[in-house]
1. Would you mind checking which residues have amide H under 5 Å from GLU384's amide H? H placed 1.01 Å from N; only 5 or more apart, or other chain.
2. Fully extended, how many nm does the chain gain between LEU338 and LEU314 (0.36 nm per residue separation, minus their Cα-Cα distance)?
3. Around ALA118, under 14 Å between beta carbons, what's the net of Lys plus Arg minus Asp minus Glu among the other residues?
4. From the square roots a ≥ b ≥ c of the eigenvalues of the alpha-carbon gyration tensor of the range 247-342, which class results: rounded (a/c under 1.5), prolate (a/b over b/c), or oblate?
5. Give me THR54, THR325 ranked fewest to most by other Cβ atoms within 10 Å of their Cβ, as a rough exposure proxy.
6. Going by the alpha-carbon gyration tensor, a ≥ b ≥ c the square roots of its eigenvalues, is the range 308-384 rounded (a/c under 1.5) or, if a/c is not under 1.5, prolate (a/b greater than b/c) versus oblate?
7. Order by neighbour count: VAL249, VAL366, fewest other Cβ atoms within 10 Å first, most last.
8. Can you give the local net charge around PHE200? Use residues other than it whose beta-carbon is closer than 13 angstrom to its beta-carbon, Lys and Arg +1, Asp and Glu -1.
Amino acid sequence: MNVPPPADDDEASYIATEVPVPLVPVPGAGARPFASRPRPRAPAAVVLLATLATGFTLWAAQGLLLPVLLAMFFALIGNPIIRVLQRLYVPRFVSALLVLVLGLAGTGLLAAQLMAPAGEWIRQVPREMRDLAPKLRDLARPVQEANKAAENIARAAGGENPARPVQVVRTEVNNPYRALTATPRMIAAVLAVVLLTFFFMVYGQSLQRNAIALLPGRQQKKLTVEIMQSIEHEMSRYVLTISLINILVGLALAGALYWLGVPGDEALLWGTMAAILNYAPYVGPLIGILVMLLMGFVAFDDLWQSLLPAAIYLGLHTLEGQLVTPIVLGARMALSPLVLILALMVFGWLWGIVGLLLAVPLLVCVKIVLSKIEGMEGWARLLE
């Protein structure tokens, strides 16, 4: 049955009766709101390519990023001291300058104190290693005898002498211009870290305020201020606490070595090494134990006395890692050992020794940011 087209005056009624109009839910009328569209997700290949591009950028730009990150790290250590001086009505510029000068002076005095024993140790290492070779040969003699017996059995079973492996000797020509070009670059990097540290301590707060003022919404500004204040407070507390704990560990190791008969300046050298290595969990103490084991074999003739420095270092690290640090920092700053090892591997591969030192502060910073953003709390718990 064909419906005739409507007249002009009946067009409104025709549309109202024949054309279906979607219903719009009215708030408060009991209507069920429409489901929001799911957020589109990027393909796995795009995420993988973005991750690889980010890693390559971090590796390629390390000459620019590392001075900035080190300066922020040192500024976080000095900010609590600057706040205390500001409560005593000392201007922030003067406080930052005082903290920086005292830090550089202390570092210079410590370096001057350690220069002589470090140089003496470097000069003595070849001779001491020659003296250490008989001790290591006596310790490794059972293993060598077992290897020789296994080779004899394999040769008897094979019936013929195995071919000698071909040894490839590589020679490397030292380039004298490499050290000549690397020294000014290192000096420039150190000066950049010092200047950036000073400017971060003086102008860091005003830079944060100006950056937050650029945000459009008030809610975004409030959330950003909370995140920035939490990062600054928690990271300053964490870095300063860990630094004090590491200094105490180094002093305890230096005192124990001095009690064992090691000269005072050399004991201070090993204590400083232990304090610096303790910033890199697991990896740093492992390197320290191996160094203490080598130092013990070089410094002492008796076998059991040679093992004492490494045993003392292991005991101090176990006491600090399992008792002191968890009590002082609490579970709030706890990190998963697996995630921590992965972070040390990634940042150590990207940035070397500096990456090992910065891995834990960066991971703590990421955890703080994730815990403050709504919907990302699960990722923060994943790091615990």
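1. Amide H neighbours of GLU384, under 5 Å, 5+ apart: SER336.
2. 6.6 nm
3. Around ALA118, the surrounding residues sum to -2.
4. Note, shape of the range 247-342 comes out prolate.
5. THR54, THR325
6. Oblate, since a/c reaches 1.5 and b/c is not below a/b.
7. VAL366, VAL249
8. Local net charge: 0.
Read-outs: derived from the displayed coordinates by stated rules, not from any lab. Since the structure is predicted, the reported quantities are computational estimates derived from the model, not experimental observations. So basically every Cβ, Gly included, is an ideal-geometry build from the backbone, and we count neighbours across all protein chains shown.
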